[in-house]
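The structure's right below; bear with me while I get my questions together.
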Amino acid sequence: MITNDTRFTGYPGPEWENSMHRLLTGTLIRISDDELKLLNTESIPFEGGGYAAGLGVAHNLHCIKQIKKFLYGEHFYAGLDPNGEEYKYLQEHAG
């Protein structure tokens, strides 16, 4: 039987933030020019050569993190103007 892992549920405190950080650490990888060409896409170049890449699941986890941060905006973005450009950007990223 698998017990529920509650590190990722509820109000986002330090345990949640540490758990998300550990979960996403190491999900960004370096690929070569040739590998990028095989994927027929664009990416961000790394200093020293190669390009940023990662599995889709890592991107999905990042998006879940952004949604939770937006839902608990008072914790992560205290004092943010809900009519400002940064708020609109965060809302779009979370949506």
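Exactly one of these conditions fails for residue 68: (1) open to solvent by 50 Å² or more (accessible area, probe 1.4 Å); (2) modelled with pLDDT under 95. Give me its number.
(1)
Can you tell me how many residues within segment 42-56 are open to solvent by less than 90 Å² (accessible area, probe 1.4 Å) and within 20 Å of the chain's Cα centre (by Cα)? Spell out how you get there, then give the answer.
Of segment 42-56, the ones open to solvent by less than 90 Å² (accessible area, probe 1.4 Å) are 43, 45-46, 48-54, 56.
In the following step, the residues that additionally are within 20 Å of the chain's Cα centre (by Cα) were identified as 43, 45-46, 51-54, 56.
So the count comes out to 8.
May I pose another question? Taking the options 36, 80, name whichever one is open to solvent by less than 80 Å² (accessible area, probe 1.4 Å), of a type in the set (A, V, I, L, M, F, W, C) and assigned to a loop (DSSP other than H, G, I, E, B). Before the answer, list the steps.
Details: 36 fails: assigned to a loop (DSSP other than H, G, I, E, B).
Residue meeting the stated conditions: 80.
Take the residues in segment 20-33 that are farther than 18 Å from residue 93 by Cβ and part of a loop (DSSP other than H, G, I, E, B); name whichever of them is least open to solvent (accessible area, probe 1.4 Å).
Per the stated criteria, the residue is 32.
The values are calculated or read from the model by the stated rules, or taken from the named source; none is laboratory data. Everything numeric in this text was worked out from a predicted model, so none of it was measured. Don't worry about glycine lacking a Cβ; one is built from the backbone with ideal geometry, like all the others, and counts go over all protein chains shown. Just so you know, the surface numbers come from the protein's heavy atoms only, side chains and all, with ligands and any DNA or RNA stripped out. Shrake-Rupley method; radii C 1.70, N 1.55, O 1.52, S 1.80 Å.
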